[in-house]
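Structure first, commentary second.
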Amino acid sequence: MSFLLECIGLSKHFGDIPAVDDVTFKMQEKELKCVIGPNGAGKTTLLNLIAGLLKPEAGRIIFKGRDITGLSAYRRAQLGIARTFQLTTVFQKMNAYENLLIANSGGANILELAKTMGLDGKLDRKVSHLSYVDKKRLEIAMAVALNPTLLLLDEPFSGLSEDEIRELTVQIKDLAEKMTVLMIEHKISKVCDLAHRITVLNDGKIICDGKPDDVLNDPTVRKVYWKYE
């Protein structure tokens with residue numbers, strides 16, 4: 001079986017702290033995987049390694065059968081990897097349409113993309129006047145406008161209400177029908193109805209990887225999250 005993404009033995013330290021410690025996992029095309037873990041587990045560091053913002057000290061990253069470990073973030077984006085950030089990075093002084101136009105190197109239909117992300121009717125609004133959840137939607141839409149094969153989402157639910165999370169969950173599911181999605185999140189309860197598979201990090205190591213129900217019932221995961229013995 002061929003895989004779209006393979007992370008093999010990835011490691012990254014900050015000083016003496018192992019942020020990512022010998023992490024290995026694989027993703028198939030059109031898979032929606034969520035990487036979860038407590039604060040400081042290494043989730044964002046892992047995403048930055050895959051996106052090319054950080055270089056691993058050990059290990060390899062294989063994308064579409066090609067070793068991309070040494071490639072820059074720019075070259076990885078050209079190959080089909082796009083990402084968002086936990087703190088939204090959009091152009092505040094422009095309107096939503098102009099933001100999407102700048103990002104649209106993949107030839108996306110901006111009106112259709114805006115509709116998918118719940119931004120139709122808001123394209124002429126200045127970004128600084130959009131709600132926080134709409135800024136999140138806009139950043140995801142900008143990443144999708146690059147026409148990626150792999151979409152990396154860095155805690156898209158952070159700072160959102162329960163209703164906003166439910167709405168964004170539906171939109172992310174729609175996107176996952178067209179591309180592979182790797183998403184990181186802090187709260188396990190937010191991803192169980194979303195992910196095909198869940199990978200759990202703790203202290204930089206994978207402590208569990210499997211289907212949502214299996215992860216929820218794993219004794220190590222229960223101890224880490226809920227202190228169950």
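Summed over qualifying helices (DSSP H, 4 residues or more, each -39500 (n - 2.57)) and divided by its residue number, the chain shows a 222 nm mean residue ellipticity of -9000 deg cm²/dmol.
Can you give the FRET efficiency for ASP203 and PHE3, using 1/(1 + (r/R0)^6), R0 = 25 Å, r = Cβ-Cβ distance, to the nearest 0.05?
Values: r = 26 Å, r/R0 = 1.03.
FRET efficiency, ASP203 to PHE3: 0.45.
You can think of it this way: the chain between GLU162 and ARG125 has 10.9 nm of extra reach, that is 0.36 nm per residue less the Cα-Cα gap. For region 112-229, averaging the sequence separation of C-alpha pairs within contact (under 8 Å, six or more residues apart) and dividing by the residue count gives a relative contact order of 17 percent.
Remark: region 24-128 carries a charge dipole of roughly 200 debye about the Cα centre, counting +1 on each Lys and Arg Cβ and -1 on each Asp and Glu Cβ. In this structure, the amide hydrogen of ARG83, modeled 1.01 Å from its nitrogen in the peptide plane, lies closer than 5 angstrom to those of LEU152, counting only residues at least 5 positions away or on a different chain. Under 5 Å from the amide H of VAL35 lie the amide H atoms of MET183, ILE184, GLU185, THR199, each residue being 5 or more positions distant or on a separate chain, with H modelled from the backbone and absent for Pro and chain starts. Using only side-chain charges placed at the Cβ, +1 for Lys and Arg and -1 for Asp and Glu, the dipole size of region 103-143 relative to its Cα centre rounds to 160 debye.
Here the simple spin-label model places points 7 Å from the Cα toward Cβ, and for ASN109 and LEU87 these points are separated by 3.7 nm. Footprinting exposure proxy ranking of LYS136, LYS223, LYS12, fewest other C-beta atoms within 10 angstrom first, gives LYS223, LYS12, LYS136.
Between ILE8, ASN39, SER158, whose Cα lies farthest towards the positive end of the dipole of the chain when Lys and Arg beta carbons carry +1 and Asp and Glu beta carbons carry -1, centred on the Cα centre? Ranked along the dipole, the leading option is ILE8. Ranking GLY80, TYR132, GLY59 by how far each Cα lies toward the positive end of the dipole of the chain (charges on Cβ) leaves GLY80 at the top.
Throughout, read-outs are computed from the coordinates displayed, never taken from laboratory work. A quick note: this is a predicted structure, and the numbers were derived from the prediction, not measured. In this analysis, Cβ positions are derived from the backbone assuming ideal geometry, glycine residues included, and neighbour counts consider all displayed protein chains.
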